[in-house]
Amino acid sequence: MENGTTAKVAEIRPAPPKTSGKVTPKHETKASNPKASPTPAKKAPLQKKVASVVTLPFDKAARSKTTQSKTLLNFRSLRPQEIRRKFLAISFALLVLVPGLLGATYFLFIASERYSSTIGFSVRGMDGSSAGGDFLGALTGLASVGTTTTDSFILMDYLEGREVVERLSDDLGIVKHFGGDNVDFIYQLDKEFSIEDLVGYWQGMISTSFDNSSSIIEVEVQAFTPDMAEKIASKVLSYGSELVNTLSQNARKDAVKFAEEEVRRAELRLKIIRMRMKEFRSTESSIDPTKNAEVQIELIAGLEKQLLDTRSRLATLVGTIDESSPTIRQLRKQEEVLIQQILSKRDEISGKKPFQEKLPVETGDRLSSLSALLANYEELVVEQEFAQQAYTAALAGLERSRAEADRQQRYLAVFNPPSKPEAAIYPRRLINSLILFLGLLSIWALATVITYSIRDHLK
């Protein structure tokens, strides 16, 4: 037998006795029940010999191995349902009870009190319109171009943005307030923060909401003291008002910008044409060639009338008196002079060369024909009239644009000004603790259901 084990009882079958009359020794026991009936004398009964039990020594290592084997045997002897119940209990304690107790401890005993100040206002136009007048935006929740809805969403994004955080930091020192020692370790602002971290922290301390049907904007600001909550809310309202005024001014400038550019272009064009007219008059030495043409036409008509009278007199005298008479010669000479004057005036109007050759050199180089002067002058007059009309229309359009821009001006209509809170409404200690416990319980139950579902599908 091996060391450290207990001797086992050996069953020994004795050999059948040689003689039938031999008595069984005292130390041997009967193999059969003593109450049973004796066997016949002819056959010897089968008897068992029991060996003596000898206790052998064993070491502690063997005993520990034996204990471990018994424990493993007991664990393996558990049914699968009991194992699953133990795992569920452990997971429930780790995922629900422990985090729930820690969260409840934080909300009930550690979390700092936060005070809230709420402001309410609406972005409205000078004509009384507001975002609430946008029926399509009220149904779909989308901003429509041309309404104050767009300005309202711009304002809400601005109040949660970086510029407001930087201005609050400079004006009120919110960094020192949010990083104070009276703030709990979760809400306390880290000393080594970036501007992005500060903006994210501020977005957690401000809440904005917009009602499409009434065009009302509500802004809730949180702080760790009542005075700071009121100050921050007042500054936020003033920043929002400045932004709306800036947007209104920019919209007004954009509305009249195009009209002002049109007026400047029309005015410049009119100035250029007037300068050309001035140069034309100084170069041609003619204020109004049209008037000069009318005078020339009247002169030609008068000369032609005199020529007709002279020719009538000649026709009357011819045949009655001699051709060499002084009267006939004088009328003939007068007729020639009138013809030359008429031709000269016509050449002056038409601009033919004979007229240019008879004029002095300086005058011929400086002056143009009356017809050319009329053509240039009429062109300048037409351009001047068109430029004047365009300038007048541009001025009228500018006035209309300014009137329209005035009607589209925006302003903040405040109906709920900032106020100083008296009691801290955050954190909601019991509600937050209950919500945390229910949330953890829901997650644990969902994970358990998913695990059992996967196990059932794998079978």
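The values are calculated or read from the model by the stated rules, or taken from the named source; none is laboratory data. It should be emphasised that the depicted structure is a prediction, and the values quoted were computed from it without experimental measurement. Heads up, the Cβs are rebuilt from the backbone with ideal geometry, glycines too, and the neighbour counts pull from every protein chain shown. The protein model used for the area step is the full one, side chains on, heavy atoms only, and it has no ligands, DNA or RNA in it. Shrake-Rupley method; radii C 1.70, N 1.55, O 1.52, S 1.80 Å.
What to note about this one:
- Applying the criterion of at least 2 residues that are within 17 Å of L412 (Cβ to Cβ), hydrophobic (A, V, I, L, M, F, W, C) and out of contact with any strand residue (DSSP E or B) (no Cβ under 6 Å at 6 or more places or on another chain) to the helices (runs of 4 or more DSSP H) found wholly in segment 147-200 leaves 148-159.
- Any hit, segment 279-302, residues being open to solvent by less than 80 Å² (accessible area, probe 1.4 Å) and under 30 Å from K420 (Cα atoms): no
- Meets criteria (closer than 20 Å to S117 by Cβ and in a loop (DSSP other than H, G, I, E, B)) for G204: no
- Of residues in segment 402-423 being open to solvent by less than 40 Å² (accessible area, probe 1.4 Å) and part of a loop (DSSP other than H, G, I, E, B), the one nearest to Y187 (Cα to Cα): P421
- For segment 196-233, taking the residues that are among the hydroxyl-bearing types (S, T, Y) and in contact (Cβ under 8 Å) with a residue 12 or more places away in the chain, the one that is least open to solvent (accessible area, probe 1.4 Å) is identified as S215.
- Summed over segment 386-441, the residues that are among the basic types (K, R) and touching a strand residue (DSSP E or B) at 6+ places or on another chain (Cβ under 8 Å) give a count of 3.
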